[in-house]
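What follows is a single structure, written as structure tokens, with notes after it.
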Amino acid sequence: MIIMKKDASKQEIDNVVAEIKKLGLRADISHGEALTVIGLVGDERRVNFQHLAVLPGVRETRMIEAPYKLINREYSDAFQDPGKSRVIRAGNIEIGGDSPVYIAGPCAIESREQLFRIAEEVKKAGAHILRGGIFKPRSSAHFWQGLGSQGDSEAREALSWLQEAGRKFEMPTITEVRGEYKAALIAEYVDILQIGARNMYDQDLLSTIARQGKPVLYKRHFGASVEEFLSFSEYIAVDGNKDIILCERGVLPIGKGKSFTRYTLDIAAVPVIKKESFLPVIVDPSHATGRRDLIYSMSCAGIAAGACGLAIEVHYNPAEAWVDAAQAITSDELAEIIDTCNRIHAVTVERRKINKTGV
Ligand code: PEP
Ligand code: MN
């Protein structure tokens, strides 16, 4: 990255950008209150730091060693208050702001009635963002893949229900994008685009989704290290979209015996990621455990660990949910979780403010 001097002129900044372009690289410009910082995007081998360091207006050049650079806390700390995290806006909701954000709704949208009933219930319970799967990444090709798989008109219809329910109950909406060619269609209807755990490594999908101009909820693959997760989220950032919400949703269990949970919620990943990156982190206790009796405790743990929100699957008749029935909870249970988690947040937030990275 290139840190410009405090009094660098616009012409000097433009000149540095022109030099970067000459090298065949792109420039990511961030204007902080006091400083402008320019990130280099592209093939590192082409960079001649010595040449860039002596250009007029340049204070210093610095190499970020980690494979994730534009989302690195080191990068953002150079142009804004150290420890400040990114606040992402969807509708009138702030993710990564002062209070926790709750994403709730059915795993899969089954019908208009089902979605509207759940939307009304989760809104009353205190949820801020409405989720509902339309293109489901199922573990067998013989399972139902969501309404979106039944044809284009069914997909549009389900997307329009989600949009309508979001408007009616005043919640921004989110759904998963499966398949690059669907990204633009889905972006017409929803406020946040979700990249599912199974697609964490799909670079082309990440780039396509990044370019839709909407915030992205990016889920960690169950086999990915934190470093891989952050490195791949950089594929979204280099396409000009840093509105990335990182989601910890459990990793593969270890050992030969029974683990008793679907995945293992990597709770330490929350503060670790917050130290490494300025992006907001949320926890999904539903997919992490696969068990409704564990959602309450893992939600509490997530917020206590510093997550800025939760994503939870809700159904009015959990046992009858078409997908992920074992982990669905009722909206009454959601209300209890939100109440407790808000109190946990209130008693832990001050401590986190002392330590600048919010950990
Ligand atoms: C989901 O959130 O609907 C989902 C399928 O989760 P994951 O990608 O984490 O398995
Ligand atoms: Mn699910």
(message) Filter the stretch 5-33 down to the residues that are open to solvent by less than 60 Å² (accessible area, probe 1.4 Å) and either in a loop (DSSP other than H, G, I, E, B) or in contact with a Lys or Arg (Cβ under 6 Å, 6 or more places away or on another chain) (or both) and list them by number.
(response) 8, 9, 23, 24, 25, 32
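Test residue 216 against the stated conditions and say whether it is within 24 Å of residue 69 (Cβ to Cβ) and touching a strand residue (DSSP E or B) at 6+ places or on another chain (Cβ under 9 Å). Before you say what the answer is, go through the steps one by one.
Values: within 24 Å of residue 69 (Cβ to Cβ): yes; touching a strand residue (DSSP E or B) at 6+ places or on another chain (Cβ under 9 Å): yes.
Yes; evaluated as a whole, the condition is true for this residue.
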(request) Name, by its number, the condition in (1) away from ligand 1 (no atom under 13 Å from the Cβ); (2) of a type outside the set (Asp, Glu); (3) modelled with pLDDT of 95 or more; (4) open to solvent by 10 Å² or more (accessible area, probe 1.4 Å) that does not hold for residue 186. (result) (4)
(request) Please enumerate the residues belonging to the stretch 131-158 that are closer than 29 Å to residue 101 by Cβ, open to solvent by 70 Å² or more (accessible area, probe 1.4 Å) and away from ligand 2 (no atom under 16 Å from the Cβ). (result) 156, 157
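Inside the stretch 247-280, can you point out the residues that are among the charged types (D, E, K, R) and either touching a residue at least 24 places away in the same chain (Cβ under 8 Å) or under 18 Å from residue 232 (Cβ atoms) (or both)?
Passing the criteria: 248, 249, 262, 266, 274, 275, 276.
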(request) Please verify whether the stretch 267-275 includes one or more residues that are within 23 Å of residue 222 (Cβ to Cβ), within 16 Å of ligand 2 (Cβ to nearest atom) and within 19 Å of the chain's Cα centre (by Cα). (result) no
(request) Would you check which residues across the stretch 272-314 are open to solvent by 10 Å² or more (accessible area, probe 1.4 Å), away from ligand 1 (no atom under 16 Å from the Cβ) and in a helix (DSSP H, G or I) and list them? (result) 272, 274, 275, 276, 293, 296, 297, 300, 301, 304
(message) Going residue by residue through the stretch 193-200, is there one that turns out to be in contact with a Ser or Thr (Cβ under 8 Å, 6 or more places away or on another chain) and surrounded by 15 or more Cβ atoms within 10 Å (Cβ to Cβ)?
(response) yes
(message) Regarding the stretch 146-153, can at least one residue be identified that is among the aliphatic types (A, V, I, L, M) and closer than 28 Å to residue 235 by Cα?
(response) no
(request) Can you tell me which residue among 240, 213, 223 is within 16 Å of ligand 1 (Cβ to nearest atom), surrounded by fewer than 16 Cβ atoms within 10 Å (Cβ to Cβ) and part of a loop (DSSP other than H, G, I, E, B)? (result) 223
(message) Among the numbered criteria (1) touching a residue at least 12 places away in the same chain (Cβ under 8 Å); (2) open to solvent by less than 30 Å² (accessible area, probe 1.4 Å); (3) out of contact with any His (no Cβ under 9 Å at 6 or more places or on another chain), which one does residue 82 miss?
(response) (2)
(message) With the structure loaded, tell me whether residue 117 is in a helix (DSSP H, G or I) and open to solvent by 10 Å² or more (accessible area, probe 1.4 Å) or whether it fails that test.
(response) yes
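Restricting attention to the stretch 319-337, and to residues there that are open to solvent by less than 20 Å² (accessible area, probe 1.4 Å) and not small (Gly, Ala, Ser), which single residue is nearest to ligand 1 (Cβ to nearest atom)? Steps first, answer last, please.
Residues of the stretch 319-337 that are open to solvent by less than 20 Å² (accessible area, probe 1.4 Å), as a first pass: 321, 323, 327-329, 331, 334, 337.
Okay, now just the ones that are also not small (Gly, Ala, Ser), so 323, 327, 329, 334, 337.
On the way: 323: 8, 327: 10, 329: 14, 334: 16, 337: 17 Å.
The residue in question is 323.
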(message) Tell me whether the stretch 84-95 contains one or more residues that are under 29 Å from residue 35 (Cα atoms), more than 16 Å from ligand 1 (Cβ to nearest atom), in contact with a strand residue (DSSP E or B) (Cβ under 6 Å, 6 or more places away or on another chain) and assigned to a loop (DSSP other than H, G, I, E, B).
(response) yes
(message) On the basis of being in contact with a strand residue (DSSP E or B) (Cβ under 7 Å, 6 or more places away or on another chain) and in a loop (DSSP other than H, G, I, E, B), does residue 55 make the cut?
(response) no
(message) Please determine whether any residue of the stretch 334-344 is part of a helix (DSSP H, G or I), among the aliphatic types (A, V, I, L, M) and in contact with a His (Cβ under 6 Å, 6 or more places away or on another chain).
(response) no
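The values are calculated or read from the model by the stated rules, or taken from the named source; none is laboratory data. Predicted model only: the values in this text are computed from it and were never measured. Ideal geometry is used to build each Cβ from the backbone, glycine not excepted, and the neighbour counts take in all protein chains shown. What goes into the accessible areas is simple: the full protein's heavy atoms, side chains included, and nothing from ligands, DNA or RNA. Shrake-Rupley method; radii C 1.70, N 1.55, O 1.52, S 1.80 Å.
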